[in-house]
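Report on the structure given below.
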Amino acid sequence: MKGGLQLVREGGEKMMRTKRAVQVISISLALIVSAAFLPTLANASITTEPVVDFGDVVKGSSKTITLKITNKTDDPMKLLMTWSSVGSCAFSLSSSILSMAGRETVSVGVTYEAGGLGTCDGKLYVMYSGSSSSGKVVVPLRGNGVEEGEPDNPRGTIVIDGCDTGVEDQEYNGSTISALIEGCASEIKNHGAYVSCVAKLTNELKKAGIISGQEKGAIQRCAAQASIP
């Protein structure tokens, strides 16, 4: 009887240990899977514009937009950049390898070459590495090849330096929103002042109920990446 009881007790302990081991393995796998699906951008040590939109570009010509990349950490970073595209077009970079000091912001010229007509989608891959962190950020690239003489803005939306905001160009105080934004460009001395002017205008338009908060953000993003002045 004692031997039988002893066997049962040992068997029970072994089963409990096995069950605990399965639970630990299950929890570990769940953590690994969760980490694998976390957004790269949310945990990135660098920040960029969410998208680079070139708008309409005449077939056979090109356009360059400056992309700003900011190091969010105090550690120096090394950047390696590549791109891919779909469609009759190509993208190129002013530099594919850069070094950044802690908290520094660097600029990279991204060029879209419209090899054909229609929409071109691409991706810019920014790989970064430092002493305490490394990873990758993917920036969508967009462009649209058009025939020469074709209207740049057939949809009646607000376009800032080739960046189509997707926001309807409406009248406000006897003018159009596009004209008011162009007024910001003619009255400032540097890019920061231009962005501030557009921000002030969009705040006023939102308060007046002319545009939504999302539309305000779209206008400000295009203004921020514009090569103005």
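Yes/no matrix, rows are residues, columns are (1) farther than 23 Å from V159 by Cα; (2) crowded, with 18+ Cβ neighbours inside 10 Å; (3) not assigned by TED's automatic domain parsing to the domain that holds P140:
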residue: D53; (1), (2), (3): no, yes, no
residue: S61; (1), (2), (3): no, no, no
residue: L80; (1), (2), (3): yes, no, no
residue: S84; (1), (2), (3): yes, no, no
residue: S96; (1), (2), (3): yes, no, no
residue: Y112; (1), (2), (3): no, yes, no
residue: G118; (1), (2), (3): no, no, no
- line: Over region 162-207, the set of residues exposed (fewer than 15 other Cβ atoms within 10 Å of the Cβ) and at positive phi is N173, G174
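Among E104, E187, E171, which is modelled with pLDDT of 90 or more, farther than 21 Å from S61 by Cβ and of a type in the set (D, E)? Reasoning before the result, please.
On the way: E187 fails: modelled with pLDDT of 90 or more; E171 fails: modelled with pLDDT of 90 or more.
Going through E104, E187, E171 in turn, the sole match is E104.
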- prompt: Do we have D169 as in contact with a helix residue (DSSP H, G or I) (Cβ under 8 Å, 6 or more places away or on another chain) and either aromatic (F, W, Y) or in contact (Cβ under 8 Å) with a residue 60 or more places away in the chain (or both) here?
  reply: no
query: When region 45-77 is examined, which residues are found to be in a loop (DSSP other than H, G, I, E, B) and not acidic (D, E)?
result: S45, T48, P50, V51, K59, G60, S61, K72, T73, P76
- request: Return yes when G145 is of a type outside the set (A, V, I, L, M, F, W, C), free of Cβ contacts under 8 Å to residues at least 40 places away in the same chain and in a strand (DSSP E or B) and no when it is not.
  value: no
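Within region 78-108, track down each residue that is part of a loop (DSSP other than H, G, I, E, B) and touching a Gly at 6+ places or on another chain (Cβ under 6 Å).
Here is the first cut: in region 78-108, the residues part of a loop (DSSP other than H, G, I, E, B) are 87-88, 94-96, 101-104.
Listed by number, the residues that qualify are S88, S94.
The values are calculated or read from the model by the stated rules, or taken from the named source; none is laboratory data. Keep in mind that this is a model prediction, so the values were computed, not measured. Here the Cβ is made from the backbone with ideal geometry for all residues, glycine too, and neighbour counts use every protein chain on show.
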